[in-house]
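One structure below.
What follows is calculated from the coordinates using simple rules that are stated; it is not laboratory data. Quick caveat, the model's predicted, so the values are computed rather than measured. With ideal geometry, Cβ positions are generated from the backbone for all residues, glycine too; neighbour counts draw on all protein chains shown.
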Amino acid sequence: MNNTLVKKLSLPLITFLIAWIGGLSTIYSDWTWYESLNKPFFNPPNYLFGIVWPILYVLMAVVSFLHAQNIFKLYLMQIMLNGLWSWLFFVFQSTAFAFLDIVLLIFLNILILKKLRENQAWISVFLYVPYVLWICFASVLNLSIIILN
C-alpha cells in the first residue's frame, strides 16, 4: 500500500477509534458531579449530544479521508484533543483544562478549514463547518460552567 492510501484510510479509522475512546469516559464519569453543576440556560438536553456527535464524527471521517494528504498532521492533533476533552471534563472534572483543550481544538480546526478553503474544497468546508460550530458552542458551554461554578 502506498503512503497516500495509508493516510487516507488511517484518519477515518483513527476518528472512530478516538470517538470510542472518548465515549469510554462515560463509564468512568461521576455523573452526580456533572448533574450537580450549575449549567447555563442554553445547555442542551443530554440526549442531544448522543445524536449530534455520531453525525459529526462521520462528517469528520469523510473530510479526513478526502483530504488526508493536506490535513494529516493537523487532523491527528485535533482528533487527539477531541478525545482528550471528555476525559478532562467528565472523568478528571477539570473544567479549566478541558476549556484550554477546546480552545486549542478550535484553533487547529480553523487551520484545517483554512487549508480546505485554500484547496477550494468547498463541499468539504461545508461538511466540516458543523463540527467547528459545535465545538465553538461546546467551548461556550464549558466556559459558562466554569463561570457558574
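Table: residues versus (1) assigned to a helix (DSSP H, G or I); (2) in contact with a helix residue (DSSP H, G or I) (Cβ under 9 Å, 6 or more places away or on another chain).
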site: Pro44; (1), (2): no, yes
site: Phe72; (1), (2): yes, yes
site: Trp85; (1), (2): yes, yes
site: Ile135; (1), (2): yes, yes
site: Leu141; (1), (2): yes, no
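Pairs please, first residue from the range 54-67 and more than 14 Å from Asn109 (Cα to Cα), second anywhere and surrounded by fewer than 20 Cβ atoms within 10 Å (Cβ to Cβ), Cβ atoms under 7 Å, 6+ apart in sequence or on different chains.
Val62/Leu127; Phe65/Lys8; Phe65/Pro12
Which one of these is more than 28 Å from Asn3 (Cα to Cα) and within 15 Å of the chain's Cα centre (by Cα): Leu76, Leu141?
Checking each option against the conditions leaves just Leu141.
With respect to Ser94, determine if the residue is farther than 17 Å from Val63 by Cα, without any contact (Cβ under 8 Å) to a residue 12 or more places away in the chain, hydroxyl-bearing (Ser, Thr, Tyr) and surrounded by fewer than 21 Cβ atoms within 10 Å (Cβ to Cβ).
yes
If I filter the range 1-55 down to residues being over 23 Å from Ser94 (Cα atoms) and among the hydroxyl-bearing types (Ser, Thr, Tyr), which single residue comes out as surrounded by the most Cβ atoms within 10 Å (Cβ to Cβ)?
In this case the residue turns out to be Thr15.
Would you confirm, using the coordinates I've provided, whether Leu81 is buried (at least 21 other Cβ atoms within 10 Å of the Cβ), without any contact (Cβ under 8 Å) to a residue 60 or more places away in the chain and either in contact with a Lys or Arg (Cβ under 9 Å, 6 or more places away or on another chain) or part of a helix (DSSP H, G or I) (or both)? If you could, list the steps in order and put the result at the bottom.
Numbers: buried (at least 21 other Cβ atoms within 10 Å of the Cβ): yes; without any contact (Cβ under 8 Å) to a residue 60 or more places away in the chain: yes; either in contact with a Lys or Arg (Cβ under 9 Å, 6 or more places away or on another chain) or part of a helix (DSSP H, G or I) (or both): yes.
Taking the combined requirement at face value, the residue satisfies it.
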